[in-house]
Amino acid sequence: QVIKCKAAVMWEANKPFSIEEVEVAPPKAHEVRIKIVATGICRSDEHVITGALVTPFPVILGHEAAGVVESVGEGVTSVKPGDKVIPLFVPQCGECSSCLSTKGNLCSKSDLSSAAGFMPDGTSRFTCKGKIIHHFVGTSTFTEYTVVHETAVAKIDSGAPLERVCLIGCGFSTGYGAAVNTAKVDPGSTCAVFGLGGVGLSVVMGCKAAGASRIIAVDVNSDKFAKARELGATDCVNPKDFKKPIHEVLIEMTGQGVDYSFEVVGRTETMTAALASCQYNYGVSVIVGVPPSAQKITFDPMLLFTGRSWKGSVFGGWKSKDSVPKLVADYMKKKFDLDPLITHTLPFTKINEGFDLLRTGK
């Protein structure tokens, strides 16, 4: 039956979240209803609030979470009530060209490109005050209960601490995978990471795990440098400390530019700067930050003609349903530590304070 619970509803852009009682419909065929135990705050949610990422309102945001299956619709076989799970904003249907390819991970069933704000059948499971509330990238985790399609949920180790592994639902996996999967950073290489939020720090962790010998962390907020060093950065650079463009600074520091650069901000200026800062012939630059919807990029094509590669990476290149349980297992084996990525833990009703902390770089 319908569950009534608390959710943080975003009624319109550039307004605070409103904690409301919402009705969450039962799961239809091939759908799963999840009790959300822990959710992270990601800049992509903030992009919706500011209008940089376009999705219909009113909406329940949130896409980085962990919880427990409450009930399942008919035909669901991969999870059952009581299972610990992570919702997947990049689903894995196993049937589309990206899912069938060894090279791809961005399932065509994802709502990232269309941004329709509904379940795959074109309807919503959320209502509030008689109004239909939209879903966000097939997950919507800023609520006590949510409904996702079976292709968008992964069963994880029953012993996993949900308030930690929720980060594997987006931030950690996105950054770490951008280094180890998308860029395929090799031992002894030099990397530059633009942007040191949770995802950028996860890129640093990925570069270190891959054996990079030099990891240059770049951010306009020097308060982020101590944590970056703790996680493996060898150098920290604040573009505000220089009169010349940051790519020139990095080329001077390294001789010919870095082997791998990562843009983890979501700004067109830093995307072109990251591209220009990698080695002119075999450098690889990866766009990890979500680009703003209405902006175009202008750059000198000679940057690519000489041989550089420019790549994008969604969810770190991981095939979600296959990889998330393995990443959780690796965490349980202490192959990486998520604690440094957690700065604050707040009760759900203080979600607006959490976003204020994000906006102030804390």
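So the values come out like this:
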| quantity | calculated |
| --- | --- |
| Full-stretch length increase - L100, R267 - with 0.36 nm per residue and alpha-carbon distance subtracted | 57.0 nm |
| In Hz, Karplus ³J(HN,Hα) per residue of segment 174-184 (6.51, -1.76, 1.60; θ = phi - 60°; x = Gly, Pro) | 4, x, 4, x, 4, 7, 7, 9, 6, 7, 6 |
| In Å, descending, principal axis extents of the Cα set of segment 23-164 | 36, 36, 30 |
| Nonlocal amide H pairs with S313, under 5 Å, H built at 1.01 Å | I287 |
| Relative contact order (percent, whole number), segment 184-312, Cα cutoff 8 Å, 6+ residue spacing | 22 |
| Considering only the chain, percent of DSSP beta bridges that pair antiparallel, nearest 5 | 60 |
| Proximal charge balance of L196 [Cβ under 10 Å; K/R count +1, D/E count -1] | 0 |
| Principal axis dimensions, segment 184-312 - Cα atoms, whole angstrom, descending | 37, 31, 28 |
| Within the accessible area of segment 184-312 (1.4 Å probe), percent carbon and sulfur | 55 |
| Dipole magnitude (debye, nearest 20) for segment 184-312, charges at Cβ of Lys, Arg, Asp, Glu | 180 |
| Solvent-accessible heavy-atom area per residue, rounded to whole Å², over the chain at 1.4 Å | 43 |
| Vicinal HN-Hα couplings computed from phi for segment 299-307 (Karplus, 6.51 cos²θ - 1.76 cosθ + 1.60; Hz; Gly/Pro x) | 8, 6, x, 4, 4, 8, 4, 6, x |
| Crossing angle, helix 320-332 versus the chain [Cα axis fit, 0-90 degrees, rounded to tens] | 80 |
| √(5λ) per eigenvalue of the Cα gyration tensor, the chain, largest first, Å | 35, 21, 19 |
| Theoretical gain in end-to-end length, T50 to D339 [0.36 nm per residue, Cα-Cα removed] | 101.2 nm |
| Most positive-pole-ward Cα, Y331, T270, V290, against dipole of segment 244-362 from beta carbon charges | Y331 |
| Low-density loop cleavage sites - GluC sites (Glu not before Pro) in segment 1-89, where at most 13 other Cβ are within 10 Å (DSSP) | E12, E74 |
| GNM result for the chain, Cα springs below 10 Å: residue of L53, L346, L304 fluctuating most strongly | L346 |
| Under Karplus coefficients 6.51, -1.76 and 1.60, residue-wise ³J(HN,Hα) of segment 195-202 in Hz, glycine/proline x | x, 10, x, x, 6, x, 5, 5 |
| Mean ellipticity per residue at 222 nm, deg cm²/dmol - from DSSP H runs of n ≥ 4 across the chain, formula -39500 (n - 2.57) | -6000 deg cm²/dmol |
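The values are calculated or read from the model by the stated rules, or taken from the named source; none is laboratory data. If you're wondering where the values come from, they're calculated on a predicted model, not measured in any experiment. With ideal geometry, Cβ positions are generated from the backbone for all residues, glycine too; neighbour counts draw on all protein chains shown. The protein model used for the area step is the full one, side chains on, heavy atoms only, and it has no ligands, DNA or RNA in it. Shrake-Rupley method; radii C 1.70, N 1.55, O 1.52, S 1.80 Å.
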